[in-house]
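Got a structure for you, questions after.
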Amino acid sequence: MSLDTRLTAEQTSAYSAVIQRRISHEPAAYITGHKEFYGLEFQVARPVLIPRPETELLVEKAIELATTVFTHSCLIADVGTGCGAVAIALGTNLFHAKLYAIDVCGAALEIARSNCHRHGVSDRVTLLQGDLLDPLPEPVHLIIANLPYVRNSELVKLSPEISRFEPLLALSGGADGLEVMERLVSQAERNLLPGGVILLEIGHDQGQAACELARKHLPKSKISITTDLGGLDRVVSILTSC
Ligand SMILES: C[S@@+](CC[C@H](N)C(=O)[O-])C[C@H]1O[C@@H](n2cnc3c(N)ncnc32)[C@H](O)[C@@H]1O
């Protein structure tokens, strides 16, 4: 639009610095400081994972349950909230829901706080710092989590954009990738209201193992897997009968 306009020396050097950061593999979202998720703009920075489009499936599943099953009141815990993308997408779409957004990382929660404020959901999203469900003050209808699920052996295979820049705490799921998820499932029963549901994002090759761990800890529950738009296993739904 302004092809005739010459950049000042200051503008040129600022532009070069940004290009240099991208050449060094820094993800564009950390450079610009924001990322779109579920039609909303989120502030992101190095303490938080950049929200991924496949996680929108987790949001869709939660909205489906909240609008068909938990229609009167809906208490939701988003565990491992990061920048708050999942909790805030739910808060802006479900006006009857009250949400708890939990993360072990204080710096991530500060970014989530700013995103809650930006999207006007601070009154319905309570941010809590701590390990998994430990800080939850009351049982909920829905536990929803995109926890770290990369196997330790696979961390080295990640692209430099991920391995050098995104927080290890958001990626590393232990030897089998399911260690954090299994701890969550083992705590879930005492933190769920009767008929409560757990929705977990998983890696594309973790469907069977995730179902087995759910069956081990919640043998009476109904367990199913939903595939993402690429046809890959992505969300495990655990409907408890307690
Ligand atoms: C894969 S990221 C997901 C972030 C966000 N929910 C999203 O989907 O974009 C996982 C998040 O879980 C948090 N986390 C890791 N271990 C945790 C634990 N034991 N308790 C609570 N949060 C944890 C990390 O700090 C990180 O923010």
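Quick check on my filter: what residues within segment 171-205 are polar (S, T, N, Q) and open to solvent by 40 Å² or more (accessible area, probe 1.4 Å)?
Of everything in segment 171-205, just one residue is polar (S, T, N, Q) and open to solvent by 40 Å² or more (accessible area, probe 1.4 Å), namely SER186.
How many of the residues making up segment 4-21 are open to solvent by 80 Å² or more (accessible area, probe 1.4 Å) and not hydrophobic (A, V, I, L, M, F, W, C)?
Residues flagged as open to solvent by 80 Å² or more (accessible area, probe 1.4 Å) and not hydrophobic (A, V, I, L, M, F, W, C) within segment 4-21 amount to 8.
Does any residue in segment 179-196 that is free of Cβ contacts under 8 Å to residues at least 60 places away in the same chain come within less than 7 Å, Cβ to Cβ, of a residue that is part of a helix (DSSP H, G or I) and of a type in the set (Gly, Ala, Ser) six or more places away or on a different chain, and which pairs are these?
Pairs found: MET181/ALA210; VAL185/ALA214.
Within segment 95-108, how many residues turn out to be open to solvent by less than 30 Å² (accessible area, probe 1.4 Å), aliphatic (A, V, I, L, M) and within 13 Å of the ligand (Cβ to nearest atom)?
4
Still on this model: Please verify whether VAL150 is within 11 Å of the ligand (Cβ to nearest atom), in contact (Cβ under 8 Å) with a residue 24 or more places away in the chain and closer than 23 Å to ALA101 by Cβ, treating the condition exactly as stated.
Answer is yes for this residue.
Still on this structure, please answer the following. Mind checking which residues of segment 95-114 are under 16 Å from LEU40 (Cβ atoms) and assigned to a loop (DSSP other than H, G, I, E, B)?
The one that is under 16 Å from LEU40 (Cβ atoms) and assigned to a loop (DSSP other than H, G, I, E, B): PHE95.
Here is a list: VAL121, VAL86, VAL140. Which entry is of a type in the set (Val, Ile, Thr), at pLDDT 95 or above and within 14 Å of the ligand (Cβ to nearest atom)?
Answer to the check: VAL86.
What is the one condition in (1) within 14 Å of the ligand (Cβ to nearest atom); (2) touching a helix residue (DSSP H, G or I) at 6+ places or on another chain (Cβ under 6 Å); (3) more than 22 Å from MET181 (Cα to Cα); (4) not basic (Lys, Arg) that PRO47 does not satisfy?
(3)
A follow-up question, please. Do we have any residue at all in segment 193-209 that's away from the ligand (no atom under 11 Å from the Cβ), in contact with a Pro (Cβ under 7 Å, 6 or more places away or on another chain) and within 27 Å of ILE63 (Cβ to Cβ)?
Among the residues of segment 193-209, at least one is away from the ligand (no atom under 11 Å from the Cβ), in contact with a Pro (Cβ under 7 Å, 6 or more places away or on another chain) and within 27 Å of ILE63 (Cβ to Cβ), which makes the answer yes.
Conditions tested, residue by residue: (1) open to solvent by less than 40 Å² (accessible area, probe 1.4 Å); (2) within 9 Å of the ligand (Cβ to nearest atom).
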| site | (1), (2) |
| --- | --- |
| LEU128 | yes, no |
| LEU136 | yes, no |
| ALA145 | yes, yes |
| LEU155 | yes, no |
| LEU169 | no, yes |
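The values are calculated or read from the model by the stated rules, or taken from the named source; none is laboratory data. Treat the numbers as computed from the prediction; the structure is a model and nothing was measured. Here the Cβ is made from the backbone with ideal geometry for all residues, glycine too, and neighbour counts use every protein chain on show. Heavy atoms of the whole protein, side chains included, go into the accessibility calculation; ligands, DNA and RNA do not. Shrake-Rupley method; radii C 1.70, N 1.55, O 1.52, S 1.80 Å.
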